[in-house]
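Structure first, commentary second.
Just so it is clear, none of the values below were taken in a lab; they were calculated from the coordinates. Keep in mind that this is a model prediction, so the values were computed, not measured. Neighbour counts are summed over all protein chains in view; Cβ atoms, including those assigned to glycine, are modelled from backbone coordinates with ideal geometry.
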Ligand code: NBG
């Protein structure tokens, strides 16, 4: 008799009593703890396991269905998935938060404490990794049959602490107490080769590493769709050399194990900068190869011919990190499945697409040709052939379009490889996509027009409103119903309530409560007390020169000097909130963190300022901290040098939670302005085009500093050591750079920024119209849902019809 699966959900029961029973069972038999002695972490593991069981029913039902209907699968290959915590998100998706709270209460355990006991899974650096995590949620929501493929790093993004104003990094060992969400798949392993040579029989790698799968189910709202996040862990082919062990070489016997495990051991902590290390290249190939072998194996289980792969699989390359998918798939199809090269290249192209996330030349991956050839000799042959055939067909100059760069072709441009090898290339905001066509990919775009498409980024409304801002979610549900949760465009219905005094009042009370929660956290983490009635002005993101935290803190310092010069004036109270990590090797970014602290110390201690200006740097910015900050912001700082921020996604989270943006016309800010209305956003500064023109005309920052009393005042104060009396020369390099170089055009935009800030002060002083603007930001942010983004990829790139798209 054929196996009849139990209908999902009913299986285990989603009510409080069933949950209480199962949490207790899990605590006792899986965690091995007596409830009388269990600590919060034990309750967390028991709860996560009980909740996971419920996810599994639905996950399996969904997976069965995607196979039964023969849906095309999407494989999202990404070096990073910045997941954050999963418990609350999973409870909310299944709408069992209250039942779970009640269940834990029956043991005298507080759900919020249990939620906080979960380590934050930081398998990513910033926007790129968080986008991948939002996409998993949205694939599950919209019914795209999909897998996320990545690396199961033992250590995630480093933990940041601040010592005397300087960033100190320590390892993030998030797996120390195990990970209750994942399923280890010891039977799902693949060999990944490195080095060696190619002979007439094919590639003979010198070394083999084993990739082992771990699966995490990601459930989509409202609990009937799911995706699988499959992460690879590296193992040695042989874990111990017994001969060496028996000779007494106890450490040496495990050498191979250590070398293999290094591959999945740490996430590279760089954001938008390339890493030249061989280990990084190994990581990239390791997870790409394992993922492709896995999807080809899955495809082979169907009865289709290899030629049909593009009808069944779409492979999305998140940035160029997995760009080796192009030669790897060609290799699998030719060397392992006997297809001719040209067919293999066509099939590969039809299956793959690449997302570009940055135009900064220093951030575009280039590998030394010799390194790549040594590590992957067969792939180098394939890349050479692909490139040779492409160049033979085009009249364009090889210097512009070749995968190999330099006089002797010493560097392999991974962006060019992905462009030539994939069917579609997308940018992540309209402006970014336009700039892509004019800059890095201009020549390739001319030769292969139509390949570049745009997919403006988005964020999941589940995590970034429903979970993190439950009070606002309730108000929305009361006012316009809850359709916005599954279809964020529906949030527009709240726009008319910007005129409703009762609604505005409730909206304002919620913001205040969220601000009080952040204020409490600030006090707990930094000792600083701030007033929740002041304007909360936040800039939270990686610390990078192009994001211009420097401009923000200089303007803050300049504002401070203005207050000191006229302390009797009625200054609008503000709390400046900064958070973000600097790449450990990025000295200037670390210097900026120190500067923020030095300036904060002077301002926060000055009685003349009193409550009117406070500066706080919250350490260890991560997803969980963002979940507290986003709902509490009044003002969102999105002030990158125009043309440099590909999209931004924090800008969307803040707007959705009712913050007003102060920003340049960069990345998705351009589209935010269109959606929320020009009167509800404060735009200032040079446009991307003007930045180009100024640079071309020979930008002289010195002139800008000399023309601005405010800027000159603060730069002089910095140079004189006003903010660093213990080391007056500490900021000499920053001062020197501002006067003489200023690549990021802080001086050019400073005056415009400062006057935009005063415009914000005036606007904030009018509470009713300010609140209206906040509501219009929430109402206008509906388009920035990652569900919309995923439907765009599905339609324009993957050629799949998501099973739930009819409901959206
Ligand atoms: C980042 C961009 C952001 C963008 C995210 C997600 C990299 C290389 N790029 O502007 O800087 O929002 O990608 O697309 O991390």
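Along Cα→Cβ, 7 Å out, is where each label goes; now give me the distance between the ones at residue 769 and residue 439 in nm to one decimal.
If labels sit at residue 769 and residue 439, their model points lie 3.6 nm apart.
Report the antiparallel proportion of the DSSP beta bridges in the chain as a percent, rounded to a multiple of 5.
Values: 37 of 83 bridges.
Expressed as a percentage, antiparallel bridges in the chain total about 45.
Shape verdict for segment 94-194, please, from the Cα gyration tensor: rounded (a/c under 1.5), prolate (a/b greater than b/c) or oblate.
Details: a/c = 1.64, a/b = 1.09, b/c = 1.51.
Oblate, because a/c is 1.5 or more while a/b does not exceed b/c.
Please tell me the relative contact order of the chain in percent, rounded to the nearest whole number, where contacts are Cα pairs under 8 Å and at least six residues apart. If you can, show how the numbers build up before the last one.
Working: 1500 pairs, mean separation 103.1, N = 808.
Worked out over the chain, it gives 13 percent.
Calculate the spin-label point distance for residue 279 paired with residue 307, positioning each point 7 Å from the Cα along the beta-carbon direction, and give it in nanometres.
The two pseudo-label positions are separated by 4.6 nm.
Arranged by the count of other C-beta atoms within 10 angstrom, fewest first, what order do 798, 770 take? Walk me through the numbers before you get to the answer.
Working: 798 25, 770 20.
So the residues, fewest neighbours to most, are 770, 798.
What's the extension gain from residue 453 to residue 712 if we count 0.36 nm per residue and subtract their Cα-Cα distance?
Details: separation 259, 0.36 × 259 = 93.24 nm, distance 4.35 nm.
Value of the extension gain: 88.9 nm.
So how do 389, 690, 256 line up by other beta-carbon neighbours within 10 Å, fewest first?
On the way: 389 13, 690 16, 256 19.
By the 10 Å Cβ count, ascending: 389, 690, 256.
If I histogram all Cα-Cα distances within segment 598-646 using bins 10 Å wide from 0, what percent of pairs lands in each bin?
It works out to 19, 33, 39, 8, 0, in whole percents.
Relative contact order, percent, of segment 668-808 when contacts are C-alpha pairs under 8 Å separated by at least 6 residues? The partial results should precede the final answer.
On the way: 86 pairs, mean separation 42.6, N = 141.
The value is 30 percent.
Rounded to the nearest 500 deg cm²/dmol, what is the calculated helix-only ellipticity per residue at 222 nm for the chain, with -39500 (n - 2.57) per DSSP H run of length n ≥ 4? Please list the in-between numbers first.
Working: 33 runs with 364 residues, N = 808.
Calculated at 222 nm, the ellipticity per residue is -13500 deg cm²/dmol.
Using 0.36 nm per residue, how much length does the chain from residue 60 to residue 523 gain when fully extended, once their Cα-Cα distance is taken away?
162.2 nm
So, in nm, how far is label residue 702 from label residue 34 when the simple model puts each one 7 Å beyond its Cα toward the Cβ?
7.9 nm
Just to verify a number: FRET efficiency for residue 69 and residue 795, C-beta to C-beta distance, R0 = 25 Å, to 0.05? Let's see the in-between values first.
Working: r = 19 Å, r/R0 = 0.74.
Calculated value: 0.85.
Going by how many other Cβ atoms sit within 10 Å of their own, how do 793, 149 line up, fewest first?
Values: 793 26, 149 29.
If I rank by nearby Cβ atoms, fewest first, I get 793, 149.
Please give the contour-minus-distance gain from residue 191 to residue 393: 0.36 nm per residue of separation, less the Cα-Cα distance, rounded to one decimal in nm.
Numbers: separation 202, 0.36 × 202 = 72.72 nm, distance 3.59 nm.
The span from residue 191 to residue 393 would gain 69.1 nm if fully extended.
Show me, bin by bin at 10 Å from 0, the whole-percent P(r) of segment 121-252 based on Cα pairs.
10, 25, 30, 22, 11, 2, 0
In whole Å, what are the extents of the chain along the principal axes defined by its C-alpha atoms, from largest to smallest?
Largest first, the chain extends 83, 71, 62 Å along its Cα principal axes.
For segment 547-700, what is the relative contact order in percent, using Cα pairs closer than 8 Å and at least 6 residues apart in sequence?
On the way: 194 pairs, mean separation 29.6, N = 154.
For segment 547-700, the relative contact order is 19 percent.
Run through every distinct alpha carbon pair of segment 220-365 and return the Kirkwood hydrodynamic radius in angstroms, one decimal place.
Working: mean 1/r = 0.0556 Å⁻¹.
Evaluated over segment 220-365, this radius sits at 18.0 Å.
Test of understanding: extend the Cα→C-beta vector of residue 755 to 7 Å, then name every residue of segment 698-730 with backbone N under 18 Å from that spot.
Output list for this probe position: 703-713.
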